[in-house]
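Bear in mind that the values in this text are calculations on the coordinates, not laboratory data. Quick caveat, the model's predicted, so the values are computed rather than measured. FYI the Cβ positions are ideal-geometry reconstructions off the backbone, even for glycines, and counts take in every protein chain you see.
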Amino acid sequence: MSRLAEVKRPLDPKKFFSEEEKQRIVAAIQAAEKETSGEIRVHLDRACDGDVFQRALKVFHKIGMTQTAQRNGVLIYLALKNRRFAIVGDEGIDRVVPENFWQDVADILSAHFKEGKFCEGLCAAIARIGEKLKEFFPYRKDDVNELSDEISTE
């Protein structure tokens with residue numbers, strides 16, 4: 001979990017990214033998921049009351065991230081007004097990866113977000129998540145896209 005830069009973008013999750021940026025993020029998810037059976041989602045909230053990781057965990061369950069066959073979904077959660085984010089992996093991932101597995105992804109997000117490069121940061125982080133998941137959850141011929149690639153919002 002880390003902080004987002006002060007932004008001049010709208011805090012409305014549906015308007016935070018331009019349509020072109022949304023398309024780039026979805027394309028990054030689709031490209032990453034071609035390398036792994038893992039599922040990647042991005043969720044934006046206007047604000048988060050309380051602990052950002054706990055909120056991300058609630059969203060993770062609410063949007064069905066636990067419904068993958070291998071329990072290998074990853075959520076990047078952004079709380080816009082609070083300028084915070086969290087990365088949540090499902091229990092199938094947690095069982096096989098080392099502690100602090102997502103730290104380099106958080107570092108990528110933080111570095112880009114501090115410069116106000118939100119789309120670029122998400123795309124780079126998504127690519128890195130795909131690379132990391134590939135080692136533990138390689139793409140299979142019979143793989144099915146189990147979750148939507150679209151950005152979810154509240």
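Just need the relative contact order of the stretch 2-153 here, percent rounded to a whole number, with Cα pairs under 8 Å and 6+ apart.
38
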In nanometres, the difference between 0.36 nm per residue of separation and the alpha-carbon distance of E154 and K141 is 1.3 nm
Mind checking which lysines have their C-alpha under 26 Å from K132, skipping anything on the same chain fewer than 8 residues away? K22, K34, K58, K62, K114, K117, K141
Over the alpha-carbon set of the chain, work out the extent along each principal axis and list the three values in angstrom, largest first. 43, 31, 26
Once phi is turned into ³J(HN,Hα) by the Karplus curve 6.51 cos²θ - 1.76 cosθ + 1.60 with θ = phi - 60°, what whole-Hz value does each residue of the stretch 59-71 show in order, with x for glycine and proline? 4, 3, 6, 4, 8, x, 5, 7, 8, 7, 4, 9, 6
Calculate how steeply helix 103-114 sits against the longest principal axis of the alpha-carbon atoms of the chain, using the helix alpha-carbon long axis, and give the answer as 0 to 90 degrees to the nearest 10. 30
Roughly what % of DSSP beta bridges within the stretch 44-154 run antiparallel, to the nearest 5? 65
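Which order do the peptides 56-66, 90-100, 17-27 take when ranked by the mean count of other beta-carbon atoms within 10 Å per residue, highest first?
The peptides rank, most packed first, as 56-66, 17-27, 90-100.
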Report the one residue of S18, F60, C123 whose Cα lies farthest in the direction of the positive end of the charge dipole of the stretch 2-153 (charges on C-beta: Lys and Arg +1, Asp and Glu -1; origin at the Cα centre). S18
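What's the ranking of 114-127, 131-144 by average number of surrounding C-beta atoms within 10 Å, highest first?
Averaged packing, sorted descending, gives the order 114-127, 131-144.
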Which of the aspartates and glutamates could a cross-linker bridge to K134, judged by Cα under 14 Å and excluding same-chain residues fewer than eight apart? E33, E35, E39, D143
Nearest 20 debye, what's the magnitude of the dipole of the chain about its Cα centre given +1 on Lys and Arg Cβ and -1 on Asp and Glu Cβ? 460
